[in-house]
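For reference, the structure discussed in these notes is given below.
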Number of protein chains: 2
Amino acid sequence: MASESANGAVKARLLLQQCLSARLQVEPASELEEAKYVEIGKGLIIYVCFMKGATEETVEKMVKSALNTCLSPSQDPSATKRVSVLELPGDVLIIPQATLGGTPKGKAMQYHKNIAKDEGEKLYANFVSLCEVSLHMSEKAREQGKQVRAGTYGNLQVFRTDTNGPYTHLLEF
Amino acid sequence: MASESANGAVKARLLLQQCLSARLQVEPASELEEAKYVEIGKGLIIYVCFMKGATEETVEKMVKSALNTCLSPSQDPSATKRVSVLELPGDVLIIPQATLGGTPKGKAMQYHKNIAKDEGEKLYANFVSLCEVSLHMSEKAREQGKQVRAGTYGNLQVFRTDTNGPYTHLLEF
């Protein structure tokens, strides 16, 4: 759970933001069809970036951290303690975000620490299914019909969000 | 300009996202008045977090990086090279985001690396004025009436954004 960046190269980054609602394009418009979107209500936006060295094991740690860390203000206005998105319970929107792996060099960003696209795509698919399984295993999230929605790997992430405070957190693995 | 995290403790973090538009609350509603907001059009959202050890010098480096790094898709659709927000030119929305300094411990986040609130408030004010000066010094940004808007330090950051691809980047100083 703890950041491992101090012990070696960072293998993955998650950026977490609270939202009231969010909408993400999963298929751009074509000549024949309109663009397709997924939407969530109150919950957690998870930006995901895999870097060289990330494995299935990394994915497991990432999902556990993202869903169990207490980052969300409780629904109960008298409670001051933060709760996890599973405890809230809230929806989850997963957005692939390769740019999060960038390193500045001069005025440009370089992405040579990022994982190869095919490997990243596999880990991303795993990340999404593990989140789905975890939400489904949570009684509270399941009973209240909370959903995992996910962006398409490699797409432009066309989206909008509305929040009462993103409480942006960075987790490194 | 390069990340200095490898050479010692991180003193500040910037999170940068492209937007088509964004709106941020700068004063919550009271019994007498409605909430107040600032808005920007196409441009850059800058989330700012100062950690222990951040100084005026850190602020100068941060502003230089944020405004000059080439992160924005060009307005010219035939151009493949990214441009800086000054070259675009675009608006700038600055959002204080202390949570970005958090470190996970068990299921909670700890913020003991964050700078003291009064020091952070001063550096934040400097960051905002330096951005304003830089936009004003840029002929292109000035001529096209581009604006810097900034959130209130310590507030809940109630906001919404719309983007054709956030291209989220993390810069550490």
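Annotation: lysines with alpha-carbon distance below 19 angstrom to A:LYS42 (same-chain offsets under eight excluded): A:LYS81, A:LYS140, A:LYS146. Whole-Hz Karplus values for the stretch B:21-36 come out as 7, 7, 9, 10, 6, 10, 8, x, 5, 10, 5, 9, 10, 6, 5, 10 Hz, taken residue by residue from phi with 6.51 cos²θ - 1.76 cosθ + 1.60 and θ = phi - 60°; glycine and proline positions read x.
Let a ≥ b ≥ c be the square roots of the eigenvalues of the Cα gyration tensor of the stretch B:123-173; is it rounded (a/c under 1.5), or, if not, prolate (a/b larger than b/c) or oblate?
Working: a/c = 1.56, a/b = 1.20, b/c = 1.30.
In terms of gyration-tensor shape, oblate.
For A:LYS105, nonlocal amide neighbours, meaning residues 5 or more places apart or on other chains whose placed amide H falls under 5 Å from its own, are A:GLN110.
Compute the FRET efficiency between B:GLU121 and A:ASP118 as 1/(1 + (r/R0)^6), taking r as their Cβ-Cβ distance and R0 = 56 Å, and round to the nearest 0.05. Could you put the intermediate results ahead of the total?
Details: r = 47 Å, r/R0 = 0.83.
Calculated value: 0.75.
With a simple spin-label model that places each label point 7 Å from the Cα along the Cα-to-Cβ direction, the separation between B:HIS136 and A:ALA108 comes to 3.4 nm. Net charge near B:ILE94: determine it from the other residues with C-beta under 14 Å of the C-beta of B:ILE94, scoring Lys and Arg +1 and Asp and Glu -1. Charge balance near B:ILE94 sits at 0.
Which whole number of Å³ per residue matches the convex hull of the alpha-carbon atoms in chain A? Mind dumping the intermediate values first?
On the way: hull volume 24.4 nm³, N = 173.
It is 141 Å³ per residue.
Shielding by partners for peptide B:67-73, expressed as the average number of C-beta atoms from other protein chains within 10 Å of each residue's C-beta, is 3. Residue-wise HN-Hα couplings along the stretch A:59-66, as the Karplus relation 6.51 cos²θ - 1.76 cosθ + 1.60 with θ = phi - 60° gives them from phi, are 4, 4, 4, 4, 5, 4, 5, 4 Hz; Gly and Pro carry x. For peptide A:105-115, the mean count of partner chain Cβ atoms within 10 Å of a residue's Cβ comes to 3.
Based on the convex hull around the alpha carbon atoms, the protein assembly as shown presents an average projected area of 18.6 nm². Counting Cβ atoms of other protein chains within 10 Å of each Cβ in B:11-17 and taking the mean gives 2.
Straight-line cross-link partners of A:LYS52 among the lysines, defined as a Cα under 18 Å from its Cα and at least 8 positions apart when in the same chain: A:LYS11, A:LYS61, A:LYS113, A:LYS117, A:LYS122. Note that the stretch B:153-165 has calculated 3J(HN,Hα) couplings of 4, x, 6, 6, 8, 6, 7, 9, 8, 9, 9, 8, x Hz, one per residue in order, obtained from phi through the Karplus relation 6.51 cos²θ - 1.76 cosθ + 1.60 (θ = phi - 60°); glycine and proline are x. Excluding same-chain neighbours fewer than eight residues apart, the aspartates and glutamates reachable from A:LYS36 by a Cα-Cα span under 12 Å are A:GLU27.
Laboratory data are not the source of any read-out in this text; all were calculated from the coordinates shown. The structure presented is a predicted model; accordingly, all values stated were derived computationally and were not measured. Heads up, the Cβs are rebuilt from the backbone with ideal geometry, glycines too, and the neighbour counts pull from every protein chain shown.
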